[in-house]
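J.: Input: one structure, supplied below.
The values are calculated or read from the model by the stated rules, or taken from the named source; none is laboratory data. Note that the coordinates shown come from a computational prediction; the quantities given were computed from them, not determined experimentally. Ideal geometry is used to build each Cβ from the backbone, glycine not excepted, and the neighbour counts take in all protein chains shown.
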């Protein structure tokens, strides 16, 4: 299991969240975000879960990955959320 705390650098739009869920789905590992002092857990592969959370600039969260490609999954998600501008690239 890999765990990393980050601060979101840009507010995620609906399109950004759709892309995040789609790209997260390409990884075999489980990818979860822990928010609100780790009282809320969101599956990064769940579009509905992402849409129900405000992932705005300055939000602090913990990224937790577990599985065979956990390091790659962690790096991808952290790079996406910590970048100053949203990217529509692929993993």
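J.: Report the residue count in segment 36-52 for those that are part of a loop (DSSP other than H, G, I, E, B), more than 11 Å from the chain's Cα centre (by Cα) and more than 18 Å from residue 4 (Cβ to Cβ).
T.: Counting residues in segment 36-52 that are part of a loop (DSSP other than H, G, I, E, B), more than 11 Å from the chain's Cα centre (by Cα) and more than 18 Å from residue 4 (Cβ to Cβ) gives 2.
J.: From the set of residues in segment 41-61 that are over 15 Å from residue 78 (Cα atoms) and out of contact with any strand residue (DSSP E or B) (no Cβ under 7 Å at 6 or more places or on another chain), which is modelled with the lowest pLDDT?
T.: Ranking the qualifying residues of segment 41-61, first place goes to 54.
J.: Right, here's the next one. Quick check on my filter: what residues within segment 7-35 are assigned to a loop (DSSP other than H, G, I, E, B) and surrounded by fewer than 18 Cβ atoms within 10 Å (Cβ to Cβ)?
T.: Listed by number, the residues that qualify are 9, 11, 13, 25, 26, 28.
J.: Considering only residues that are surrounded by fewer than 15 Cβ atoms within 10 Å (Cβ to Cβ), closer than 18 Å to residue 18 by Cα and either free of Cβ contacts under 8 Å to residues at least 60 places away in the same chain or in contact with a strand residue (DSSP E or B) (Cβ under 8 Å, 6 or more places away or on another chain) (or both), which ones fall in segment 62-89?
T.: Hits for segment 62-89 are 79, 82, 87, 89.
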